[in-house]
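Enquirer: Below are the structure tokens for one structure; questions will follow.
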Amino acid sequence: MKILVVGGGGREHAILRKLKESPLCTEIWAAPGNAGIGCDARCKPIAATDLAGMVEFAKQERFDYVVVTPDDPLALGMVDALEAADIPAFGPNKAAARIEASKVFAKNLMKKYGIPTARYEVFEDPQKAMDYIRRQGRYPVVVKADGLALGKGVLICENEAAAGDALHEIMVEGKFGASGSRVVVEEFLTGPEVSVLSFTDGRVIVPMVSSMDHKRALDGDKGLNTGGMGVVAPNPYYTAGIAARCMDEIFLPTVQAMQAEGCPFKGCLYFGLMLTPDGPKVIEYNCRFGDPETQGVLPLLDSDLLEIMLAVTGGRLHEVPVSWKPGAAACVVLASGGYPEGYQKGKPIAGLAADGQLEGEADVAVYHAGTAQKEGGFATNGGRVLGVTATAPSLPEALGKAYAAAGRITFEGMHCRSDIGRRALKAL
């Protein structure tokens with residue numbers, strides 16, 4: 001099969017490398033891709049959000065299958081557009097992608113179908129939102145932009161002043177554009193966080209190995225929220241008992257709710273969960289593979305990813321076995337100085353071989369997120385530059401290998417968290 005992966009980040013690199021393992025895959029492309037992805041696939045510089053351009057390219061090249069991974073093209077309806085052109089694609093259609101594209105849709109869905117989540121209210125007026133927060137008088141409080149905001153539209157406010165600043169930033173200054181025209185004001189939940197990616201064909205749902213993301217930029221969960229600074233898998237807080245409860249109370253009810261609403265979800269459905277004293281609750285849904293969770297989870301997949309994806313698209317997920325390797329994985333993200341705020345690009349990267357990987361490192365993969373080619377080598381071209389993932393029989397071993405490997409890579413201004421997995425180790 002000739003396959004196209006839409007996107008150009010670390011998640012896409014991890015998906016693409018796993019797809020290449022399938023004997024069904026004979027040729028693979030990425031659009032737009034990046035310098036590191038270009039070592040594993042042919043790249044075409046088409047923006048992931050260019051629906052017409054992507055569909056035309058897919059028709060010209062006669063791709064057998066297209067994997068749409070980022071949230072923006074899914075929310076815009078790229079899967080619908082490809083299917084209208086008789087090109088099979090992996091991912092939810094526009095109606096189902098609302099589960100991430102609109103926080104209001106997701107929260108109302110959970111309320112209607114009794115899926116456990118934080119208490120919330122929706123506001124279109126910043127003053128009314130502020131009045132509500134003052135009346136509640138409970139801090140921290142969570143303020144979320146309704147729409148997509150590159151993973152940065154969720155603000156945890158420690159006091160009234162911070163809440164006022166958040167509302168002003170989102171709704172008055174328009175930091176996230178139209179995504180901030182409505183906000184969800186939500187109670188702050190406490191407990192270990194768990195990410196669970198899952199395959200679903202709209203009826204059957206198969207959870208993947210659980211993981212723990214690290215969103216804050218600095219050690220000790222300090223600093224600004226980012227797209228993710230690292231991940232470990234599996235998450236030791238997510239026990240078999242909790243997994244069973246999540247299947248009964250959250251996973252199956254969500255798939256059934258989407259069916260009942262007339263927008264069955266087919267693709268990768270991501271559950272961001274909080275294990276509260278009152279049981280597991282949904283913090284957020286994503287309509288696609290998480291980043292960097294994918295870079296930690298997919299290296300542990302033992303089954304053929306392409307076969308699974310084809311079964312999802314064809315509504316026959318029950319026919320395909322999904323098995324996992326024993327052991328653990330850890331991914332450490334190497335970011336540009338200043339990320340998630342302003343940062344410089346074009347810094348030469350030292351330590352990588354010509355194929356974008358590390359020489360002589362068994363069970364280590366370097367996933368390129370924001371890289372470009374420069375003078376025969378690689379240079380930084382984004383906030384999150386590389387994800388270094390290691391697998392091992394145990395989590396402590398995986399973390400040791402990941403950090404040792406990451407230590408072989410340097411570029412000006414590089415920063416990474418030194419405590420990825422520390423909370424997880426406490427639960428072992």
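Enquirer: Report those helices (runs of 4 or more DSSP H) wholly inside segment 226-342 carrying at least 3 residues which are out of contact with any Phe, Trp or Tyr (no Cβ under 7 Å at 6 or more places or on another chain) and open to solvent by less than 30 Å² (accessible area, probe 1.4 Å).
Expert: Numbers: elements: 240-246, 252-260, 293-297, 305-313.
Correct list: 293-297, 305-313.
Enquirer: What pairs come out if I take residues in segment 340-354 that are more than 12 Å from Arg384 (Cα to Cα) and pair them with residues that are assigned to a loop (DSSP other than H, G, I, E, B) and open to solvent by 80 Å² or more (accessible area, probe 1.4 Å) whose C-beta lies under 6 Å away, six or more apart or interchain?
Expert: Every condition considered, the pairs that remain are Lys347/Glu412; Gly351/Arg408; Ala353/Glu359.
Enquirer: Return only the number of the condition from (1) part of a helix (DSSP H, G or I); (2) in contact (Cβ under 8 Å) with a residue 12 or more places away in the chain; (3) out of contact with any Lys or Arg (no Cβ under 7 Å at 6 or more places or on another chain); (4) open to solvent by 50 Å² or more (accessible area, probe 1.4 Å) that Leu150 does not satisfy.
Expert: Checking Leu150 against (1) part of a helix (DSSP H, G or I); (2) in contact (Cβ under 8 Å) with a residue 12 or more places away in the chain; (3) out of contact with any Lys or Arg (no Cβ under 7 Å at 6 or more places or on another chain); (4) open to solvent by 50 Å² or more (accessible area, probe 1.4 Å), the one that fails is (1).
Enquirer: Give me a count of the residues in segment 155-175 that are in a loop (DSSP other than H, G, I, E, B) and open to solvent by 70 Å² or more (accessible area, probe 1.4 Å).
Expert: Selection size over segment 155-175: 4.
Enquirer: Consider Arg134 carefully, then state whether it is assigned to a loop (DSSP other than H, G, I, E, B) and among the basic types (Lys, Arg).
Expert: no
Enquirer: Answer yes or no as to whether Glu412 is touching a Gly at 6+ places or on another chain (Cβ under 9 Å), assigned to a helix (DSSP H, G or I) and not hydrophobic (A, V, I, L, M, F, W, C).
Expert: Numbers: touching a Gly at 6+ places or on another chain (Cβ under 9 Å): yes; assigned to a helix (DSSP H, G or I): no; not hydrophobic (A, V, I, L, M, F, W, C): yes.
No, not satisfied.
Enquirer: Every residue in segment 404-422 that is open to solvent by 50 Å² or more (accessible area, probe 1.4 Å) and either out of contact with any strand residue (DSSP E or B) (no Cβ under 7 Å at 6 or more places or on another chain) or among the small types (Gly, Ala, Ser) (or both), please.
Expert: Ala404, Gly407, Arg408, Glu412, Ser418, Arg422, listed by residue number.
Enquirer: Oh, and also: For segment 180-238, name all the residues that are closer than 18 Å to Lys281 by Cα and acidic (Asp, Glu).
Expert: Glu186, Glu187, Glu193, Asp213
Enquirer: Something else about it: Examine segment 22-45 for a residue that is polar (S, T, N, Q), within 16 Å of Phe378 (Cα to Cα) and not in a helix (DSSP H, G or I), and state whether such a residue exists. Break it down stepwise before answering.
Expert: Start the filter on segment 22-45 by keeping residues that are polar (S, T, N, Q), which leaves 22, 26, 34.
Next, from what is left, pick out any that are within 16 Å of Phe378 (Cα to Cα): 34.
Okay, now just the ones that are also not in a helix (DSSP H, G or I), so 34.
So far as segment 22-45 goes, yes, one or more of its residues are polar (S, T, N, Q), within 16 Å of Phe378 (Cα to Cα) and not in a helix (DSSP H, G or I).
Enquirer: Determine the pairs where a residue that is open to solvent by less than 10 Å² (accessible area, probe 1.4 Å), located within segment 52-68, has a partner that is of a type in the set (Ser, Thr, Tyr) with Cβ atoms under 8 Å apart, the partner being 6 or more residues away or on another chain.
Expert: Pairs that qualify, where the first residue is open to solvent by less than 10 Å² (accessible area, probe 1.4 Å) and the partner is of a type in the set (Ser, Thr, Tyr), are Tyr65/Thr313.
Enquirer: For residues that are within 19 Å of the chain's Cα centre (by Cα) and aliphatic (A, V, I, L, M), scanning just segment 219-249, find the one that is nearest to Leu301 (Cα to Cα).
Expert: By that ranking, first place goes to Ala233.
The values are calculated or read from the model by the stated rules, or taken from the named source; none is laboratory data. A quick note: this is a predicted structure, and the numbers were derived from the prediction, not measured. Every residue, glycine among them, receives a Cβ derived from its backbone with ideal geometry; neighbour counts consider all protein chains shown. Ligands, DNA and RNA are excluded from the accessible area calculation, which covers all protein heavy atoms including side chains. Shrake-Rupley method; radii C 1.70, N 1.55, O 1.52, S 1.80 Å.
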